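Please read the structure below before turning to the comments.
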Amino acid sequence: MKIVFFSSNSNIFNEQTYLIKTMPCWQSLWDSFINAHKEHEFICISQKPALFMPENTIICEKDDTKEFALEIALQKPDVAIALSFWTDLFDWLPVKDALIAQELEKMNVKVLCNTVAASLLCFNKTETQKFFDQNHIPQPSSIFVNHDLYFCGGNRKEIKYNVYKEAIISEISKLHFPLIIKDPVSLSSYGMQVVNTKGEAANYLNSKKHSSDRLVQEFIDGINFGVELYGYYENLEEKSGYKCNIMPPFTFSVNQYGITSPKQSVKYGPVILNDELQEKLVSLVKGIADKLKLVGPAQIDLIYKDNTFYIIEINPRLSGMTSTCCSSLGINFYEMIYAQLIEHKSFNFKDFFPVLNCKLPLLNYEQLEKLKELSFIKFINQINNLEAKQEREKGYCEIVICGKNNEILKENLQFLLKNYPECVEVEFIEKAAELIEKFEDFIG
């Protein structure tokens, strides 16, 4: 069988600006993977920076969807698999890959990828919320604010006051505070604002920060979880027999505003739920995947409170969860994708070891090499933006720490803090230790 992994990127990527260092490197993981499956031929086609791809990836310079699809089709694959990644400001790369997949299917190429409709629905959180409403899926109450209508009065002399603005503020006052104000199409939690009163909400919406459509959503003070899933068809040619593998839940830390920050959060898991909660979580996630027919890797963010899982958003792509799950399972990144999407294998939750995904300050090469030698550090990924002016925009180093059990995991944390103080921030180590303590006996 000939298998092509592909992904696209809508943004300009300057290799002189962004320095990305991954340990083990994607090429070594790739070499190990293809050596274990010599019965198949594997090819990667992507656009820079080609996240999650090996060095020998074919770089496609063509932005035109049909030309990109043709480059894949010329490889004459038995199946093409989308490994969508993310970019800011807009988390829309799954949509582009879905458009490529649509063209490939016209060329009679079998593809494992989401539909354009499903990708668009997940991209626009307002449409995602409509989907949740229609399917009675628990979610935070919210109000959509149309930017153009909110400011449509402008300097028009004939308009005395903006009725739409008045109605929006009135509806917002009916929600339970605090509230989160966010861009419905931005990446992750970038640009989110927490407000505690009607006045704060109005001040924000009347300010220059309100530069596009906004979603005003009730803040649920609960426990943040992330769940990764892998959807596929048992009969891909006929698109029948849809199945979905659910990975175990991982919890995320939050910042002082109660928001999960992608550059600061700590992930810990797997979190062991009691049978009732586990069944409720799996049923909810599988129900969403089945309705949307999510194909390939996807990730769902949830908040748990008062015996209810509230869905926050759906990301139909690879995520920070992916490498974390691989490390917890002790399996090669490509092997995990291949096993689930091609061999249709599922993993038992008991097969996962406890891990922590932590963020460190930017490290030099020598420091990275030292950390790589530690057997309990399973993954390192550092992204450095050389042109960034603000310190928080320059990047971070992400590591995944593993342990056979929670006690050993805590010991590994303390070893890191004691012996490598120049590489870590005490705040993150303490936050990681708190997560372990909090969820050791969590059963809801």
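Just a few scattered comments:
- Take the conditions (1) open to solvent by less than 80 Å² (accessible area, probe 1.4 Å); (2) of a type outside the set (S, T, N, Q); (3) closer than 26 Å to I180 by Cα; (4) without any contact (Cβ under 8 Å) to a residue 40 or more places away in the chain; F132 misses just one of them, which is (4).
- Yes/no for Y204 being assigned to a helix (DSSP H, G or I), of a type outside the set (A, V, I, L, M, F, W, C) and within 25 Å of F90 (Cβ to Cβ): yes
- Flag for D301 being within 24 Å of K182 (Cβ to Cβ), open to solvent by 20 Å² or more (accessible area, probe 1.4 Å), of a type in the set (D, E) and within 16 Å of the chain's Cα centre (by Cα): yes
- Subset of region 345-368 (residues that are within 16 Å of S328 (Cβ to Cβ) and of a type in the set (A, V, I, L, M)): V355, L356
- Any hit, region 34-44, residues being in contact with a helix residue (DSSP H, G or I) (Cβ under 6 Å, 6 or more places away or on another chain), at pLDDT 95 or above and not aromatic (F, W, Y): no
- Among the residues of region 207-252, those that are assigned to a loop (DSSP other than H, G, I, E, B) and among the basic types (K, R) comprise K208, K209, K239.
- Of the numbered criteria (1) under 21 Å from the mean Cα position of the chain (by Cα); (2) among the polar types (S, T, N, Q); (3) under 22 Å from Q340 (Cα atoms), the one N11 fails is (3).
- Unmet criterion (only one of (1) within 30 Å of V185 (Cα to Cα); (2) part of a helix (DSSP H, G or I); (3) modelled with pLDDT of 95 or more; (4) not polar (S, T, N, Q)) for M321: (3)
- Within region 211-242, tally of residues that are of a type in the set (A, V, I, L, M), more than 21 Å from P178 (Cα to Cα) and open to solvent by less than 10 Å² (accessible area, probe 1.4 Å): 2
- Cβ separations smaller than 6 Å between residues 6+ apart or across chains give the following pairs from region 355-379 residues that are open to solvent by 60 Å² or more (accessible area, probe 1.4 Å) to residues that are not in a strand (DSSP E or B): K378/S327.
- Scanning region 35-65 for residues that are surrounded by 15 or more Cβ atoms within 10 Å (Cβ to Cβ) and assigned to a helix (DSSP H, G or I) returns a single hit, T65.
- Count of residues meeting criterion [of a type in the set (A, V, I, L, M) and modelled with pLDDT of 95 or more] in region 3-18: 2
- Residue check for F151: of a type in the set (F, W, Y) and modelled with pLDDT of 95 or more: no
- Residue check, S346 farther than 30 Å from F415 by Cβ, open to solvent by 20 Å² or more (accessible area, probe 1.4 Å), under 21 Å from the mean Cα position of the chain (by Cα) and modelled with pLDDT under 95: yes
- Yes/no for K208 being free of Cβ contacts under 8 Å to residues at least 40 places away in the same chain, open to solvent by 60 Å² or more (accessible area, probe 1.4 Å), within 26 Å of Y310 (Cα to Cα) and not acidic (D, E): no
- Consider region 382-411 and keep the residues that are in a strand (DSSP E or B) and out of contact with any Phe, Trp or Tyr (no Cβ under 9 Å at 6 or more places or on another chain). The one that is modelled with the highest pLDDT is C397.
The values are calculated or read from the model by the stated rules, or taken from the named source; none is laboratory data. Not measured: the values here are computed from a predicted model. Here Cβ is always computed from backbone atoms with ideal geometry, including for glycine, and neighbour counts include all displayed protein chains. These area figures cover heavy atoms from the full protein model, side chains too; ligands, DNA and RNA do not enter into them. Shrake-Rupley method; radii C 1.70, N 1.55, O 1.52, S 1.80 Å.
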